Each structure stands twice: as structure tokens, then as C-alpha cells.
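Data first, discussion second: the structure below is written as C-alpha cells.
The values are calculated or read from the model by the stated rules, or taken from the named source; none is laboratory data. For clarity, every value in this text was computed on a predicted model and none was experimentally measured. Methodologically, a virtual Cβ is constructed for each residue, glycine included, from the backbone with ideal geometry; neighbour enumeration extends over all protein chains shown. SASA here: full protein model, heavy atoms, side chains in, ligands and nucleic acids out. Shrake-Rupley method; radii C 1.70, N 1.55, O 1.52, S 1.80 Å.
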Amino acid sequence: CTPQRPAAGSTVSCVVTCTNQGPSPAQGMTCGFVNTGSLPNATVVSCDPRSVVAVGRTLRCSLEFSFPEGALPTVTAGSGATNDINGGSVATAGNNPSQFAFSQIPAHVPIDRRALLLLSVLLLGSACWNQFGHQKKRAHA
């Protein structure tokens, strides 16, 4: 999904690619997102279903939703096929599901007040040195 660190209210786009790993063509293969109901304003943009998918071939599905405020949603996708021996046609069973979790954006960067005070003193000292240190050198020259 992109962006990986979205701001609240921004549009997030996700794409899932489901590949038939074999050993035989997938019958009635599905590919899609399974938790769209928990994602705000989720819209499935496209999915390209096929009745039979050859070994090594893929199906793609894309989704857009509004990133919620104060929550880090997980996007769950999956695939399945009627002749799938590890999960069958259920997108959340066996080896069919996959998930994407978002990274948290800190609401603010914590500032150590002692470090800020030290930085202020150093900057003030540097400014004073530049102002008064150069005047003394010029007076002696």
C-alpha cells in the first residue's frame, strides 16, 4: 500500500497480486481484499477475475480508502481456488491470506527541554563570540 506512512484523511492505494504457484491450473481463482468493510470509504478500483489461471500467472486487485485518524488499520487480502489444496476457495484460509500493516507517524517529535536549553546557550554564546570576539581583534589591529 502507498503511502506507507499516510496522514489522516489522505487516500491510500493498495494493490494485491495473487499468483498461482501450481502445480496445476487454478480453477475458479479469486483474488481480492477481505476486510474492505473495516476501511473508511473503501472502493475496490479493479479486480480481474478469471475462471482458470495457469501456473505462474497472476490476478491483480486494487483498492483505495481514506486513512483513518488515530488508528493504524491492517489491510488483509487473499486468494483462493476451488482446487487449492491449502485453503481452498476461502481467501483467509491456509496459505491464501496476506496482510499489510502501516507504520505509525508520530503526532509530534518529543523534545528534551534540557537539550533545547543547551542548544540555546550554545547558539547565544556563538553569537556573542562572533559579535564581541571580532571587535576585540579589530581594536588591536
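Annotations for the structure displayed:
- Residues that are under 19 Å from Q21 (Cβ atoms) and of a type in the set (G, A, S) do occur in the stretch 55-74, at least one of them.
- Enumeration of residues in the stretch 26-65 that are assigned to a strand (DSSP E or B), open to solvent by 30 Å² or more (accessible area, probe 1.4 Å) and of a type in the set (S, T, N, Q): Q27, T30, T43, S46, T58
- Answer residue from the stretch 74-90, given it is in contact (Cβ under 8 Å) with a residue 40 or more places away in the chain and more than 13 Å from P25 (Cα to Cα) and is most open to solvent (accessible area, probe 1.4 Å) among those: S89
- Filtered by the rule that a residue be hydroxyl-bearing (S, T, Y) and farther than 14 Å from G80 by Cα, the stretch 44-68 gives S46, S62, S66.
- Selection from the stretch 16-51 of residues that are modelled with pLDDT of 90 or more, among the aliphatic types (A, V, I, L, M) and over 13 Å from S79 (Cα atoms): L39, A42
- Among the candidates A107, A93, A71, residue that is out of contact with any strand residue (DSSP E or B) (no Cβ under 8 Å at 6 or more places or on another chain), of a type outside the set (V, I, T), modelled with pLDDT under 90 and open to solvent by less than 60 Å² (accessible area, probe 1.4 Å): A71
- Long-range neighbours under 9 Å by Cβ, at least six apart or interchain, first residue at positive phi within the stretch 17-40, second open to solvent by 30 Å² or more (accessible area, probe 1.4 Å) and of a type in the set (S, T, Y): G28/S51; G28/T82; G28/S89
- Candidates A139, A127: the one that is exposed (fewer than 10 other Cβ atoms within 10 Å of the Cβ), of a type outside the set (K, R) and either in contact with a helix residue (DSSP H, G or I) (Cβ under 8 Å, 6 or more places away or on another chain) or at pLDDT below 80 (or both) is A139.
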